[in-house]
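Colleague: This is the structure I want to talk about, given as structure tokens.
The values are calculated or read from the model by the stated rules, or taken from the named source; none is laboratory data. As the structure is a computational prediction, the values presented were derived from the model and not from experiment. A quick note on method: Cβ atoms are made from the backbone with ideal geometry, for glycine too, and the neighbour counts reach across all protein chains shown.
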Amino acid sequence: MPMNSGGYTIAKVTYCLTTVADIAGTHPGPPKKLGAALDRRLLARPDANPSSLIRPRPGMAATACAGGPRHAIDLERMRQRGYERGSHRYRQLVDGSPTAQTRAWERQLATIDPMLYLEFWELRVQAGDALVTVDGTVLRPEDSSITARLSYARTAYAVLTSLPSDVYVVAVRV
């Protein structure tokens with residue numbers, strides 16, 4: 001069930017963990033039973049060892065997974081996919097046929113600055129609605145404003161791209 005924090009709904013969280021054992025609940029952030037909540041929204045690098053991935057879904061052009069060591073997660077390809085999704089959603093907005101999932105803030109951002117709209121979608125896809133760092137710090141938008149959402153997406157992306165290669169990145173739904 002999504003959480004509401006300061007007017008901002010948190011449904012997808014990305015954890016940065018030092019070991020696979022942290023997934024079992026020894027890390028201060030993740031719930032003790034992540035199994036049912038694992039979210040296969042991350043993309044693995046083509047050369048990633050499948051045994052290092054968490055819940056991989058092979059057989060697709062890109063292997064979707066719920067996590068793995070940072071070196072096995074393809075943030076650039078995910079960024080490209082986010083851009084493609086944002087471009088598709090933007091075209092729907094321009095054509096006057098927004099999807100049922102399009103929020104008011106999303107329409108506002110697309111109207112104000114299409115490039116910022118696409119940047120938001122590029123960056124948001126990796127970290128979800130909140131990011132828990134290795135030390136347990138929770139990063140999320142300060143409020144539901146467009147500025148806060150974009151600032152969070154930029155910060156979270158910077159954190160993810162600067163992680164050591166052996167830190168585990170794990171995606172969950174709450």
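Colleague: Report, ordered by the first and then the second residue, all pairs with beta carbons closer than 7 Å, sequence separation of six or more or different chains, a first member in the stretch 117-131 that is over 21 Å from residue 70 (Cα atoms), and a second member that is among the basic types (Lys, Arg) and in a helix (DSSP H, G or I).
Modeller: So the pair list comes out as 120/149.
Colleague: Let me ask something else. Scanning for something within 19 Å of residue 11 (Cα to Cα) and modelled with pLDDT of 90 or more, does the stretch 95-117 turn up at least one residue?
Modeller: no
Colleague: Just a yes or no: is a residue in the stretch 154-166 within 13 Å of the chain's Cα centre (by Cα), without any contact (Cβ under 8 Å) to a residue 24 or more places away in the chain and surrounded by fewer than 16 Cβ atoms within 10 Å (Cβ to Cβ)?
Modeller: Yes, the stretch 154-166 contains a residue that is within 13 Å of the chain's Cα centre (by Cα), without any contact (Cβ under 8 Å) to a residue 24 or more places away in the chain and surrounded by fewer than 16 Cβ atoms within 10 Å (Cβ to Cβ).
Colleague: For the stretch 62-94, enumerate the residues that are touching a residue at least 24 places away in the same chain (Cβ under 8 Å) and of a type in the set (D, E, K, R).
Modeller: Residues satisfying the conditions are 70, 74, 77, 79, 81, 85, 89.
Colleague: Please go through the stretch 20-54 and pick out each residue that is in a loop (DSSP other than H, G, I, E, B) and either touching a Phe, Trp or Tyr at 6+ places or on another chain (Cβ under 7 Å) or modelled with pLDDT under 65 (or both). Talk me through it step by step, then tell me what you get.
Modeller: Filtering the stretch 20-54 for residues in a loop (DSSP other than H, G, I, E, B) gives 25-34, 39-41, 45-49, 53.
25, 26, 27, 28, 29, 30, 31, 32, 33, 34 - these are the residues of the stretch 20-54 that are in a loop (DSSP other than H, G, I, E, B) and either touching a Phe, Trp or Tyr at 6+ places or on another chain (Cβ under 7 Å) or modelled with pLDDT under 65 (or both).
Colleague: Got a number for residues in the stretch 128-173 being hydrophobic (A, V, I, L, M, F, W, C) and touching a helix residue (DSSP H, G or I) at 6+ places or on another chain (Cβ under 7 Å)?
Modeller: Narrowing the stretch 128-173 to residues hydrophobic (A, V, I, L, M, F, W, C): 130-132, 134, 138-139, 146, 148, 150, 153, 156, 158-160, 163, 167, 169-172.
Those still in the list that are touching a helix residue (DSSP H, G or I) at 6+ places or on another chain (Cβ under 7 Å) too: 131, 139, 146, 150, 153, 156, 160, 163, 167, 169-170, 172.
Number satisfying all stated conditions: 12.
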